[in-house]
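Structure record follows, encoded as structure tokens.
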Amino acid sequence: MKDGTQAKLITDAAGKVTPDQIFDAIDAITKGAGVDQLILYFAGHGVNISRNEHWLLSDAPGNPGAAVDVTESVEFARFGEIQHVVVVSDACRVAPEGIQAQSVRGASVFANLEPAGAKSKPVDQFFACALGRTAAEVKDPAVAAANFSALYTNAMLDALSGARSDILESGDDPVDGFRYVRPDGLKDFLEKEMAKRIMALGLLAVVNQEPDAIIVSRKTWLARVQAVVARGIAPELPAELNAPPPGPLAELSPNLGRLSGNLMRCAVASDAAVLPTQLDWARTAPAPGAVQFVDAAKRIAAPFGPDHFETECGIKLRGARMVDALATRADLDQITPDGQVLRANSVEGPAASVVLTFEAGDGTVVPCIRGFITALTVEDGELVDVAFEPSANTGRWQQYQNSASEIRTLRGIAASSAQHGRFRLDGDDAGALAQKMQYAKGIDPSMAVYAAYAYYDLQTVGRIDEMARFLREDLGTSLFDVELLARKLVGKDVTAGDMIVPFVPLLSQGWHLLNAHRVTLPPALNGIQSTMRDSLWALFNKNGVKKLRNALQTKEVR
């Protein structure tokens, strides 16, 4: 390390940067003397495509392959040869503007190796800003990158160089003279430090940059220092941002990610009577976007439409109008004149996939599960929530009714958190919180989807596998995303015999794992990812809907 042989610097100063250059550099390190830890740092332009980050290299977006697919790279790194990988992304994460940028399809910069076993290796991820919505007002990637890079990188360098004694921790031997920077401490430091530096520069209402991180390693360290050289520390936040007002919430943080996590903890720990008060308190938090976040959670949590069908199964919609529906394993009634309700007269087997077309021409595919009403919420052209509520004339209804308010609120907070790029379960109670979400799966299987993505971030695949087994035993079927994240679909063609609904991922972010898991979709779906709209739950333009309908009518996915 001292002679720099293990450090590889790739810039565009000497020419174009390509994914192959980054791949070759990582491959050379991996095949060389060997490393226990690899830190991959990127500073440049980035975009968020279908809720997944892509780093744009020299020829992007003109060359759609001149980019790094961060999601796929992280997945391959988890099952690679390096024991601990850290990915640092100092890039904007805004949605791409225009068809050219939307067509970017990046590559992995880690080798695609056959996993030697089910156990994955930890990959920690640091992001200079939150996903999509916090920087949505910055349309020009160059402008966004200029805001993100200097502040974030400088703060991180101060931390890793040992210049900030407040985040240095002792090692196993407290008298060895070394102090350590660990991932958890760095994450907390960056969240607070960025707010301080933005405030010190007078940019509090101008630059909306809130760092994000996914931390799965607890004992590793990123930097080890012997001496601490104290530097100037940015001024403290104003008192009103540090001291939360009294109330049921433990903390009204100026960080929206922490606020969403606290709300989720409150939702699983409190009774229905207290929840509205908690949401009202959270709405007053100083975090940028707190009002919009809480209001979205309330709207999604609000019940709507019929609570039962005579046939015990159907679909209801708010925020848009259904104009057509296709299912090959269900007998569907006529859509109601207002385009809000669709009853399934009968379902062949435990569940069926239904392709819905909305009035605007876009659409989606969702499960229709016997005994459940599939409830869809569309806001501003985005599919923000899909829920599965027991029909009121089934045996599950009483259990659901007893906790309906809590479950709806928890789902609303989870959906709003994911929509705003803040769905993170951090801290010592992360696993316990995800487990509480998991318990609701029997009376609202959509909670299994949210919990599965939370477990996936925490790299606890075993928990997802448990949910997949439970869904099959309880419902006779499973959900595509749960099976995908449980790594049950690796190297498979998904067919009707698998009893998985629907026949593609429900959440947009799941689509970028298909290639990493070598999942083969029907040929009729070739190119469908280019038809996806910017939406939390997968939504497709009219060309994508046509592909879904064609695929559904083949024998493979009926």
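Tabulated results
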item: Candidates 195, 136 - the one that is of a type in the set (A, V, I, L, M) and at pLDDT 70 or above; result: 195
item: Any hit, the stretch 466-482, residues being among the hydroxyl-bearing types (Ser, Thr, Tyr) and in contact with a Ser or Thr (Cβ under 8 Å, 6 or more places away or on another chain); result: no
item: Qualifying positions in the stretch 161-176 - in a strand (DSSP E or B) and either modelled with pLDDT under 85 or not assigned by TED's automatic domain parsing to the domain that holds residue 192 (or both); result: 170
item: Lone unmet requirement of (1) within 15 Å of residue 17 (Cβ to Cβ); (2) of a type outside the set (Phe, Trp, Tyr); (3) touching a Gly at 6+ places or on another chain (Cβ under 8 Å) for residue 62; result: (3)
item: Filter result (assigned to a loop (DSSP other than H, G, I, E, B) and more than 24 Å from the chain's Cα centre (by Cα)) within the stretch 497-525; result: 499, 522
item: Residue satisfying all of: in the stretch 277-295; of a type in the set (Val, Ile, Thr) and assigned to a helix (DSSP H, G or I); farthest from residue 130 (Cα to Cα) among these; result: 277
item: All helices (runs of 4 or more DSSP H) inside the stretch 437-496 with 1 or more residues being at pLDDT 85 or above and over 16 Å from the mean Cα position of the chain (by Cα); result: 461-475, 480-485
item: Some residue of the stretch 374-388 being hydroxyl-bearing (Ser, Thr, Tyr) and under 20 Å from residue 449 (Cβ atoms); result: yes
item: Exclusive hit being at pLDDT below 90, surrounded by fewer than 23 Cβ atoms within 10 Å (Cβ to Cβ) and farther than 21 Å from residue 107 by Cα, set 546, 542, 555; result: 555
item: Boolean, residue 530 is at pLDDT below 90 and either closer than 25 Å to residue 69 by Cα or buried (at least 24 other Cβ atoms within 10 Å of the Cβ) (or both); result: yes
item: Pairs with Cβ under 6 Å, 6+ apart, first in the stretch 303-314 and over 17 Å from residue 332 (Cα atoms), second assigned to a loop (DSSP other than H, G, I, E, B) and small (Gly, Ala, Ser); result: 307/392
item: Selected residue [β-branched (Val, Ile, Thr) and either closer than 22 Å to residue 466 by Cβ or in contact (Cβ under 8 Å) with a residue 60 or more places away in the chain (or both)] from 477, 531; result: 477
item: Residue, modelled with the lowest pLDDT, within the stretch 48-70, restricted to residues that are closer than 9 Å to residue 104 by Cα and assigned to a strand (DSSP E or B); result: 49
item: Matching option when the condition is under 20 Å from residue 110 (Cβ atoms) and touching a Phe, Trp or Tyr at 6+ places or on another chain (Cβ under 8 Å), among 10, 26; result: 26
item: Residue ID - modelled with the lowest pLDDT, chosen from residues in the stretch 253-284 that are under 23 Å from the mean Cα position of the chain (by Cα) and aliphatic (A, V, I, L, M); result: 268
item: Residue list for the stretch 80-92, restricted to those being at pLDDT 85 or above and either part of a loop (DSSP other than H, G, I, E, B) or not assigned by TED's automatic domain parsing to the domain that holds residue 211 (or both); result: 80, 81, 82, 83
item: Number of the condition not met by residue 315 [criteria: (1) in a loop (DSSP other than H, G, I, E, B); (2) surrounded by 21 or more Cβ atoms within 10 Å (Cβ to Cβ)]; result: (1)
item: Unmet criterion (only one of (1) among the charged types (D, E, K, R); (2) at pLDDT 85 or above; (3) under 26 Å from residue 196 (Cα atoms)) for residue 310; result: (3)
item: Options 95, 67, 77, 25; residue that is touching a residue at least 24 places away in the same chain (Cβ under 8 Å), surrounded by fewer than 21 Cβ atoms within 10 Å (Cβ to Cβ) and in the same structural domain as residue 130 (by TED's automatic domain parsing); result: 95
item: Residue ID - modelled with the lowest pLDDT, chosen from residues in the stretch 100-116 that are part of a helix (DSSP H, G or I) and within 23 Å of the chain's Cα centre (by Cα); result: 101
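The values are calculated or read from the model by the stated rules, or taken from the named source; none is laboratory data. Every value quoted in this text rests on a predicted model; they were computed, and no experiment measured them. Glycine also receives a Cβ, built like all others from the backbone with ideal geometry; neighbour counts cover every protein chain displayed.
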